[in-house]
Structures are given as C-alpha cells and as structure tokens.
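Novice: This structure is in structure tokens; I'll ask about it shortly.
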Amino acid sequence: MAIYTNLYLLVFLPLVLILYQIIPQKHRWKILLCASYIMYFTFSKKLVLLLIGTAVFTHYISIWMEWIDIRSKQEQAEASDRKQKTEIKKGYQARKKGVLALGVLVLLGILFYVQYYNFFAENINKLAAHFSAAALPILDIAFPMGISFYTLEAIGYLADVYWNRIPAEKHLGKLALFLSFFPQIMEGPIARYSDTADQLYEGKPLNMGDLNAGFERILWGLFKKMIVSDRLATLTGELFNNYKDYHGVMIAVAAVTYTIQLYMEFSGSIDIVIGSGRLFGVKLPENFNQPFSAQSAAEFWRRWHMSLGTWFKNYLFYPVTVSAPVKKWNRYARKRYGKYVSMLGASAMALFPVWIATGLWHGAEWKYIFYGLYYFVILFIGVALEPFKEKRNQVLHIDPNAPWFKALRILKTWLIIFTGELFFNARGLKAGFIMFRNLFVDFHISDLWNGSFPETSLHTADYLAIAGGCIVVWIVGFLREHKVDLREKILSSRLPLKWAAYYALILAILIFGAYGAGYQAVDLIYAGF
Amino acid sequence: MNNRYKNIVKTAAFAAILILLLLSLSWVFAPSYWYPQKRLQDGNCRIAELSLEKENTIDILNLGDSESVAGFSPIDLWKEYGFTSFNCGADALRMGEAYYVVKLALENQKPKVILMETNMFFRFHLIEEFETDVAQFVYYYFRGLRYHNLWKQPFELEGVKTYYKGYLVNQRITPYEGPENYMDQVLHWTMRTDVPSKTRYEFSQLKKLCEENGIRLILYSIPSSFNYNHPRCDTLAALAQENGLTYLDLNSEPSIVIDWQQDTSDGGDHINLYGARKVSHFFGEYLKENCLAEDHRGDSYYAEWDALVQPFEQLVEEMKGKYFGDIEQERNEALKREKEEKK
C-alpha cells in the first residue's frame with residue numbers, strides 16, 4: 001500500500017484519523033503504532049518482524065547505555081576522591097561506547113546483509129575467479145522496504161542517547177512508533193528523535209488547522225507526482241533503457257528530464273508524507289528547500305534530501321571531524337605545511353566517508369559509489385578553491401551578489417546536478433560512462449524537433465501538461481525562495497479563496513493527472529533504497 | 001453553533017461542491033462530444049467507442065483481458081456470419097471491472113450473448129483489486145474521470161483507425177517454442193489454479209446482471225500456451241457447471257487448430273489476427289448452430305457494418321506482419337512529415 005494509492009488516501013488514512021480521534025488521548029499513539037505496522041505488513045509481509053526486531057534491539061541498547069550512566073553516577077557518588085571518580089567515569093564511558101558500537105554494528109550489519117551482501121559477494125567472486133579461489137554464495141535475500149530509513153533513525157537515536165542529548169525512551173512501543181511512523185517509513189524524511197517523538201506520543205486531538213494544512217500538502221504532492229513525474233517516467237525509461245540508441249542532445253534530455261522526474265516524485269511523495277503527518281498534528285522535518293536555486297553543489301545538498309544530509313552531518317561528518325586521527329593530522333599538518341594544507345586534509349578525511357556512505361546508502365551498485373565519489377570530488381574542489389574565490393572576484397571586479405553572477409552559478413550547479421543524475425539513473429556504471437561519452441557525439445539541438453525525439457506513449461498534450469506542471473511548481477518555489485509561502489497564504493486566506501485553491505488543485509490533478517486505464521502507477525524511486 | 005458543528009457543516013459543504021464539480025466533468029468529458037474524429041489514446045477507448053455505437057445494434061459482447069482483446073475479430077464475424085459483436089475487453093481486466101463494463105454496455109445496447117474469456121478468473125492481488133474496485137466505482141458515477149484524458153484530444157494528431165469494434169489488428173508473428181502439449185504443463189507457481197472467493201462473488205454479481213437482462217453468458221478459454229493447463233481448465237469447467245453455464249475450452253477444441261508457429265504474436269501468450277480469425281470462425285459456427293445470434297446482413301439499419309469491411313481488409317493488407325502500434329507510428333510519422341512540409 002503505497003502512499004499515493006486510493007487504498008492509502010481514501011481508506012487507510014481516513015480510517016486511522018477516525019480511530020485516532022475517537023480513542024482517549026493517552027492511547028492515541030497506539031493507534032499510530034498499529035497503523036504503522038499494518039501498513040508495513042502490506043508491502044513487506046513477514047519482514048515486519050525485522051522492523052519489530054530492530055525496535056526491540058534499539059530499545060534495549062539505549063536502556064543499557066542509560067543504565068551504564070546511572071551505575072557510573074552511583075559509583076562516582078560513592079567514590080572517595082576525584083582520581084577514583086575519573087577512573088570510574090572513564091571505565092563506564094568505555095563500556096557505554098562498547099554498547100553503542102555493538103548497537104551500531106548490529107544495525108549496520110543487518111543493513112549490510114540485506115542490501116549489500118550480494119553486491120560484495122559478486123565483486124569478491126569476480127576477483128576470486130582470477131585466483132581460482134572459492135566463490136561466496138549469492139543469496140536470495142528479501143529486501144525489507146524502508147530499511148535504509150529506519151536503520152539511520154535507529155542509529156541516530158542511539159547516538160543521541162550515547163551523547164546524552166536525549167534520555168532513552170522507556171516505553172518499547174513508543175520507540176517502535178518513532179522508528180515506524182507509517183507515512184515516513186517508505187521514503188523518509190529521516191527524523192531525529194527530538195524532532196518528532198514528543199509530537200507522536202502526545203496524541204494531540206485533530207484540529208481544522210492541521211487537517212487543512214495536511215490536506216493541502218497531500219494535494220500538492222499528488223500534483224507533482226501525477227502531472228509531471230509519472231508522465232516523465234515514460235520518457236526517461238525509454239532514454240535510459242535504450243541508451244545505446246541515443247546520443248548528443250537526447251542524452252542531455254535524459255539527464256534533465258530524469259532530474260525533474262526525480263525531484264517531482266521524491267519531493268511530491270515527501271509532501272504526501274509530511275501532509276499525512278500534519279493531519280495528526282505531527283510536523284515532520286522538511287526534505288527539500290528549492291534545491292534548483294542552489295548556487296553550488298554544497299548548497300544543493302543543503303537543500304536536497306535535507307534529512308539525509310543532516311543525518312550524515314550530525315552522525316558522521318562531525319564525529320569524524322573531531323576524531324583523534326583528524327585532530328592529529330591538523331596538529332601535524334599545520335606545523336609542517338600550514339593552515340591551508342591542514343584544512344584540505346581534514347576536509348578530505350571528513351568528506352570522503354560521508355560521500356562514500358551517501359553513495360552506498362542509495363544502493364549496492366558501482367554507479368552509486370561513483371555518484372558519491374563524484375560529489376566528494378566536486379565538493380572537495382569547492383573547498384580547495386574557496387580561498388581563491390575572493391581574490392578572483394577582486395581581480396575580475398565581480399560583484400558576487402550581481403544577478404548575472406548568481407544566475408551563472410546556478411547554471412553551473414545545474415550542470416553538476418544533471419551530470420550526477422545521469423550516472424545515478426544509468427543502467428550501471430558502464431552505461432553511465434557510455435551515456436556521458438555519447439552526450440558529446442553528434443550534438444544537434446535540432447534533434448529535438450526533427451523527428452529524432454523518442455516515440456513513447458507521451459503526446460504533445462502530455463508534454464504540455466509536464467511543462468504546465470513544472471511552471472506552477474517553479475512559481476511556487478520562486479515565491480518561497482523570496483519568502484512568500486503560497487501554501488501558508490492559502491491556508492490563512494478567507495474561506496472562498498481557500499476553497500477555490502483546493503478545488504483548482506483537485507481538478508488539475510483529476511483532469512491532467514496521469515492515471516486510469518492505460519497508465520501504470522509508477523513506483524516510488526526512493527522506496528527502493 | 002459551536003466550532004465542532006461549524007466544522008462539520010463546512011466539511012460537508014466542501015464535499016458537496018466537490019461532488020457537483022466532479023459531476024459537471026461528465027458533461028465536459030463526454031465521448032460523444034469529442035468523438036469520432038480522434039479516438040481516446042488510453043485503455044478506455046473501447047468503452048468510449050461502445051457507448052457511441054448505434055443503439056441496440058450489438059448482439060454479442062466479447063469480454064475479458066488482453067487474451068480476449070487479441071483473440072476475437074468482430075468484423076470477421078460480421079463478414080462471415082452477419083453477427084454484430086463488440087470486443088469490449090481491456091488489458092489486465094479484473095472481474096470487478098468487467099461488471100462495470102457490462103453495466104455501461106447495457107446503457108445503450110441489449111446484447112443477447114456475452115462471451116467471457118476466463119483468464120481474468122485467476123488474476124488476483126488484494127491491493128490492486130481494491131484499487132480497481134474503488135476506481136471503477138468512482139468512474140461509474142463520475143464519468144468525467146474515466147474519460148479525463150479527452151482533454152488531450154485537441155492536441156492529438158488525426159487518429160489512425162486500428163480499432164475495429166474494439167479489436168486491434170495485430171499480425172505480428174512470434175512463434176511458440178515450447179512443448180506441443182502445453183496443457184500438461186505445470187504453470188509457474190505464481191499462476192494460481194483456483195478462483196479466489198472475491199472473484200467468485202464478483203462473477204456471481206455479473207452473472208446476476210446478465211440474468212436480469214436476459215443475456216446468455218458463455219465462458220470460454222482462448223488458446224494460450226502461456227496461461228492454460230488442465231488444472232486451470234478443470235477448475236473453470238467445474239465453476240461453469242456450478243453456475244449452470246456453458247464452458248468452451250478452445251485449447252482442447254478439436255475444430256480449432258492453432259498453428260503455434262503462425263498464429264501467435266508473442267510466443268504463445270496471445271494469439272494474433274490469424275488465430276483470432278480461427279476463434280471468430282469457431283464462435284460464428286457455434287452461435288449459428290445454437291441459434292444464439294441473428295444474421296443482419298442486408299438490413300439497412302446495419303449498413304455501417306458493411307462499410308467497415310473494406311477499410312478493415314485494407315488495413316489488414318497494409319500491415320501484414322505488423323503490430324497495430326507499428327502502423328500507428330508509421331502513420332503518425334507520415335502525418336508529422338506532411339505537417340512540417342506544409343509549414
């Protein structure tokens with residue numbers, strides 16, 4: 001039961017809302033938990049046990065860490081001198097670290113097994129074949145939907161408990177709800193415990209403000225998915241599946257249209273997720289912030305899949321930055337080579353694991369690893385060139401705030417994004433390189449109208465719908481970028497205007513949406529990660 | 001009035017206006033307004049065209065999923081026997097959907113016989129079933145949603161007529177390479193041999209609808225090396241017997257000799273025009289022998305049918321060895337070229 005289906009939108013969600021409202025406030029979180037497991041069961045069947053297992057394991061690991069803290073404090077209170085106290089604290093801290101490591105390793109171990117084992121086994125077997133070594137078995141492993149999302153949430157939760165940022169959740173059921181809240185289990189956003197837990201457990205009564213906001217957000221998501229994304233999937237499917245038949249401008253079309261499709265689909269489904277949460281008064285973290293307004297690749301990643309970026313920043317980038325090897329390097333390099341080289345080395349040491357992990361998080365394929373490395377290289381170059389940018393601006397008399405300069409930077413960022421997505425959606429890394437090479441072969445703009453454009457089930461009217469949908473989304477994004485939130489404006493407007501906006505949105509979806517006979521609902525791309 | 005009641009009234013008013021708006025779409029997206037210049041480019045095209053058929057002219061409805069869509073040619077049946085039929089199946093049709101197809105057909109037709117292909121008896125996926133049920137229910141009461149893609153018509157190129165009374169001409173040949181006695185095969189484990197209870201219930205509703213309208217319902221299994229084996233056909237025979245219906249298994253029917261090197265378009269799953277002509281001929285004989293249909297040839301009320309024979313034959317001649325999509329593409333490209341040259 002995907003979040004864009006009739007079953008979810010017209011039956012499941014209203015039913016959960018009714019049950020939620022009629023149950024006494026203190027028990028409402030239980031309705032959300034049951035709904036979450038039922039929903040998860042509909043697409044992962046018995047693998048729901050893995051989700052339950054993860055919740056139980058995470059719960060006891062966090063309780064264990066908290067127990068260690070309590071014991072440490074008790075023993076410290078009983079200790080006679082400071083030295084002894086320090087010794088006790090150190091000992092318990094090491095034990096706590098060990099428990100955290102156990103928790104993280106087990107959670108990552110499961111993720112590795114279901115998502116990456118076969119990938120590594122296949123590659124090791126290829127290597128082993130050269131040395132006539134024994135091959136690792138390739139296993140038929142069922143993929144638990146959403147595992148990449150809930151595993152990161154569980155690890156983040158354990159790390160926060162370890163750092164004493166939050167107390168361990170004493171109620172297993174409540175923690176289970178945090179890890180499995182039904183709207184976000186498939187596609188995220190990856191929430192921090194401190195962001196959503198209290199709202200989930202509060203059982204706030206439904207109110208018109210939240211219901212309106214949630215309803216509006218869900219419609220907006222459906223608009224993006226059904227009018228633009230689901231249509232573009234036909235074109236991108238043709239171009240990427242038969243990539244050898246296309247070159248030049250068609251490869252550029254493939255990269256650009258896939259990027260648009262992915263944005264409309266992913267941000268659209270996140271709108272549905274956030275809207276669903278909002279119906280219950282739960283404000284989930286945002287995942288997108290006009291990513292195509294970014295003026296650099298680094299800024300793009302602060303605006304695109306923000307919850308993943310935030311997670312890696314909090315739980316990988318910062319810990320690595322303050323880790324002993326990086327500190328040691330800084331001390332060593334600053335003395336020997338100066339500030340700049342020290343900064344470069346430290347950046348590389350912190351950025352590299354983040355981008356390898358980002359690549360791998362998307363899936364067990366070489367193209368994803370390449371995708372991560374691609375951004376690592378671009379971001380690292382950005383860091384390396386940073387000190388020279390000011391000098392360049394002075395020498396060339398460039399005003400960095402000039403609109404033309406901003407536009408140029410945005411355009412450069414688009415090129416980086418499109419190239420990245422070309423590899424991201426290619427049918428393997430080799431196909432990605434072939435497509436990239438073919439981009440520069442026989443590049444004629446006229447191919448767009450001289451009959452070379454691929455024949456798909458999309459017709460002129462479909463392209464008009466796509467263009468219209470993109471323009472509407474762009475206008476809304478443009479206004480938001482300039483601090484005019486149209487969604488909020490509609491919400492706070494007078495009833496006739498508000499209803500007119502809702503009806504317009506509903507009719508636009510029902511008339512111009514890609515649904516009905518002859519259309520295959522397109523699966524959510526990020527649900528597979 | 002307190003806030004709670006105000007909110008309930010507001011929500012009800014919002015829903016009422018929405019329903020009115022959706023009903024008004026039925027006026028905007030009515031096939032009669034947009035047809036017949038350009039046909040609908042989606043799976044609703046058959047239902048739309050059936051709704052535009054001259055009133056009470058169709059005696060036989062052929063119903064089923066893609067197996068039946070590909071395997072029954074109304075124009076051939078007309079040419080040879082003078083029987084009027086319409087192929088109103090759809091790809092991946094489900095039983096719940098078939099019920100609404102018949103309901104829609106009954107709005108302007110009084111068919112005497114419904115030939116129901118049986119492959120859809122085995123199609124079941126709970127969530128997809130539900131999705132279809134909701135959609136069909138909504139489409140039935142809000143017609144505008146079923147035909148919402150008609151907004152695209154002004155932008156479409158002049159359509160190429162490859163549908164003839166719901167039948168898509170397909171002469172592509174991809175021989176079947178499997179064992180000769182495919183009825184002995186064990187189907188893939190995902191292909192069930194029992195009929196799910198939900199499908200049985202929906203079928204009983206459809207049968208009731210037929211009975212209420214005096215329609216003879218005949219079940220048949222089209223030759224398909226991919227979809228049929230003895231256990232499946234035994235299930236269907238038992239089901240037909242339980243319901244007092246005729247069941248014709250064309251896979252084991254000696255009077256139909258399917259040449260699996262010639263009569264299939266995709267290696268044994270679907271039959272092509274050559275196979276469809278054999279099936280249509282079989283039904284012509286069957287209906288004639290059992291006096292289930294009337295020969296309308298020579299009746300001026302049915303003159304349109306005679307007029308379709310020649311273009312149908314011409315299309316068949318033009319697209320020898322091709323799938324209907326090939327010729328649509330060729331024609332569309334030619335039209336595009338023509339337009340560009342004019343510019």
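The values are calculated or read from the model by the stated rules, or taken from the named source; none is laboratory data. Fair warning: this is a prediction, and the values are worked out from it, not measured in the lab. Cβ atoms come from the backbone with ideal geometry, glycine included; neighbour counts cover every protein chain shown.
Novice: Got at least one residue in segment A:426-447 being of a type outside the set (D, E, K, R), within 14 Å of another protein chain (Cβ to nearest Cβ), out of contact with any helix residue (DSSP H, G or I) (no Cβ under 6 Å at 6 or more places or on another chain) and assigned to a helix (DSSP H, G or I)?
Specialist: yes
Novice: Moving to a separate point now. Contact list please: Cβ distance under 8 Å, first residue in segment A:449-470 and on the phi > 0 side of the Ramachandran plot and assigned by TED's automatic domain parsing to the domain that holds A:ALA508, second residue loosely packed, with under 14 Cβ neighbours inside 10 Å and of a type outside the set (A, V, I, L, M, F, W, C), pairs at least six apart or on different chains.
Specialist: A:GLY451/B:GLU333; A:GLY451/B:LYS336; A:GLY451/B:ARG337
Novice: Restricting attention to segment A:25-48, report how many residues are surrounded by 17 or more Cβ atoms within 10 Å (Cβ to Cβ) and basic (Lys, Arg).
Specialist: Final tally of qualifying residues: 1.
Novice: Still on this structure: Filter segment A:459-469 down to the residues that are closer than 25 Å to A:TYR243 by Cα and more than 10 Å from every other protein chain (Cβ to nearest Cβ), then identify the one that is surrounded by the most Cβ atoms within 10 Å (Cβ to Cβ).
Specialist: Among residues in segment A:459-469 that are closer than 25 Å to A:TYR243 by Cα and more than 10 Å from every other protein chain (Cβ to nearest Cβ), the one surrounded by the most Cβ atoms within 10 Å (Cβ to Cβ) is A:ILE466.
Novice: Those residues that are outside any loop (DSSP other than H, G, I, E, B) and either at positive phi or of a type in the set (D, E, K, R) (or both), I need them from segment A:471-494; list them, please.
Specialist: The answer is A:ARG480, A:GLU481, A:ARG487, A:GLU488, A:LYS489.
Novice: Still on this model: Identify the residue in segment B:16-52 that is away from every other protein chain (no Cβ under 11 Å) and at pLDDT 90 or above and, among all such residues, is surrounded by the fewest Cβ atoms within 10 Å (Cβ to Cβ).
Specialist: B:ALA16
Novice: A further question on this structure: Just to be sure I understand, how many residues within segment B:97-135 are more than 10 Å from chain A (Cβ to nearest Cβ) and either over 20 Å from B:MET191 (Cβ atoms) or in a loop (DSSP other than H, G, I, E, B) (or both)?
Specialist: Looking only at that region, the number is 21.
Novice: Would you confirm whether or not segment A:92-114 contains a residue that is on the phi > 0 side of the Ramachandran plot, surrounded by fewer than 16 Cβ atoms within 10 Å (Cβ to Cβ) and more than 25 Å from the chain's Cα centre (by Cα)? Give the steps one after another, and end with the answer.
Specialist: The first filter runs over segment A:92-114 and keeps only residues on the phi > 0 side of the Ramachandran plot, leaving none.
Checking segment A:92-114: not a single residue is on the phi > 0 side of the Ramachandran plot, surrounded by fewer than 16 Cβ atoms within 10 Å (Cβ to Cβ) and more than 25 Å from the chain's Cα centre (by Cα).
Novice: Identify the residue in segment A:187-212 that is polar (S, T, N, Q) and within 14 Å of chain B (Cβ to nearest Cβ) and, among all such residues, is farthest from A:LEU33 (Cα to Cα).
Specialist: Going residue by residue through segment A:187-212, those that are polar (S, T, N, Q) are A:194, A:196, A:199, A:207, A:212.
Then drop every residue that is not within 14 Å of chain B (Cβ to nearest Cβ), which leaves A:207, A:212.
Working: A:ASN207: 20, A:ASN212: 23 Å.
It comes out as A:ASN212.
Novice: Considering only residues that are among the basic types (Lys, Arg) and surrounded by 12 or more Cβ atoms within 10 Å (Cβ to Cβ), which ones fall in segment A:326-340?
Specialist: So in segment A:326-340, the residues among the basic types (Lys, Arg) come out as A:327-328, A:331, A:334-336, A:339.
Residues satisfying the conditions are A:LYS327, A:ARG334.
Novice: To continue, here is another question. Can you say whether A:ASP399 is out of contact with any Leu (no Cβ under 6 Å at 6 or more places or on another chain), under 25 Å from A:PHE292 (Cβ atoms) and in a loop (DSSP other than H, G, I, E, B), as far as the supplied structure shows?
Specialist: Numbers: out of contact with any Leu (no Cβ under 6 Å at 6 or more places or on another chain): yes; under 25 Å from A:PHE292 (Cβ atoms): yes; in a loop (DSSP other than H, G, I, E, B): yes.
Here the answer is yes, as A:ASP399 does meet what is asked.
Novice: Oh, and also: Between residues in segment A:323-348 that are farther than 18 Å from A:PHE376 by Cα and residues that are modelled with pLDDT under 90, which pairs lie under 7 Å by C-beta distance while being six or more apart or on different chains?
Specialist: Matching pairs, first to second residue: A:TYR340/A:PRO387.
To keep it simple, each residue is scored yes or no on (1) more than 30 Å from B:THR235 (Cβ to Cβ); (2) within 21 Å of the chain's Cα centre (by Cα).
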site: B:PHE124; (1), (2): no, yes
site: B:ILE127; (1), (2): no, no
site: B:ALA135; (1), (2): no, yes
site: B:TYR141; (1), (2): yes, yes
site: B:TYR147; (1), (2): yes, yes
site: B:GLN153; (1), (2): yes, no
site: B:TYR163; (1), (2): yes, yes
site: B:VAL169; (1), (2): yes, yes
site: B:ILE173; (1), (2): yes, no
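Novice: Next up: Filtering segment A:3-24 down to residues that are assigned to a loop (DSSP other than H, G, I, E, B) and buried (at least 20 other Cβ atoms within 10 Å of the Cβ), which residue is nearest to the other protein chains (Cβ to nearest Cβ)?
Specialist: If we filter segment A:3-24 for residues that are assigned to a loop (DSSP other than H, G, I, E, B), which is where we start, we get A:3-5, A:23-24.
After this cut, where a residue has to be buried (at least 20 other Cβ atoms within 10 Å of the Cβ) as well, the list is A:3-4.
Working: A:ILE3: 13, A:TYR4: 11 Å.
Checking each candidate, the answer is A:TYR4.
Novice: Please work out if B:ASP76 is assigned to a helix (DSSP H, G or I) and either surrounded by 19 or more Cβ atoms within 10 Å (Cβ to Cβ) or of a type outside the set (A, V, I, L, M, F, W, C) (or both). Break it down into steps so the answer makes sense when it comes.
Specialist: On the way: assigned to a helix (DSSP H, G or I): yes; either surrounded by 19 or more Cβ atoms within 10 Å (Cβ to Cβ) or of a type outside the set (A, V, I, L, M, F, W, C) (or both): yes.
So B:ASP76 passes the test.
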